[in-house]
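A short write-up of the structure that comes next.
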Amino acid sequence: MGRTTFFEEGGYFLFCTATPLKNGKWQSSVLFERMADHAHEMVRGIRHIIRGAEFELESDAVAQAYQFGLDLIRRDAVALD
């Protein structure tokens, strides 16, 4: 079972997730939702998976997802239209 940690950054809700792989390592991803969209009935989101990276520790996978998410926000590359 994986772990998801919630953050609020730059007008987004970030759900940073560590997912266990069959080899015992962890994959990380981050789901974005716009804070402003939560005033509406339908909330769109987009998930970015960090491809080609596997982590020994669950906590490292979550931390990397958070850093990846911050980088996407700083570069205005979230791609949630």
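The values are calculated or read from the model by the stated rules, or taken from the named source; none is laboratory data. These numbers were taken from a predicted model, which means no experiment stands behind them. With ideal geometry, Cβ positions are generated from the backbone for all residues, glycine too; neighbour counts draw on all protein chains shown. Ligands, DNA and RNA are stripped out before the accessible areas are found, and what is left, the full protein with its side chains, is counted by its heavy atoms. Shrake-Rupley method; radii C 1.70, N 1.55, O 1.52, S 1.80 Å.
For residue 27, indicate whether it is within 14 Å of the chain's Cα centre (by Cα), of a type in the set (S, T, N, Q) and open to solvent by 60 Å² or more (accessible area, probe 1.4 Å).
Details: within 14 Å of the chain's Cα centre (by Cα): yes; of a type in the set (S, T, N, Q): yes; open to solvent by 60 Å² or more (accessible area, probe 1.4 Å): no.
In short, no.
Considering only residues that are surrounded by 13 or more Cβ atoms within 10 Å (Cβ to Cβ) and more than 12 Å from residue 29 (Cα to Cα), which ones fall in the stretch 44-54? Walk me through it before giving the result.
So in the stretch 44-54, the residues surrounded by 13 or more Cβ atoms within 10 Å (Cβ to Cβ) come out as 45-46, 48-50, 53-54.
Within the stretch 44-54, just 45 meets the criteria.
Could you tell me which of the residues 76, 81, 60, 37 is of a type in the set (D, E, K, R) and on the phi > 0 side of the Ramachandran plot?
76
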### Members of the stretch 1-23 that are closer than 11 Å to residue 58 by Cβ, part of a loop (DSSP other than H, G, I, E, B) and small (Gly, Ala, Ser)
2
#### Entry: the stretch 55-81 - residue that is of a type outside the set (A, V, I, L, M) and in a loop (DSSP other than H, G, I, E, B) and, of those, surrounded by the most Cβ atoms within 10 Å (Cβ to Cβ)
56
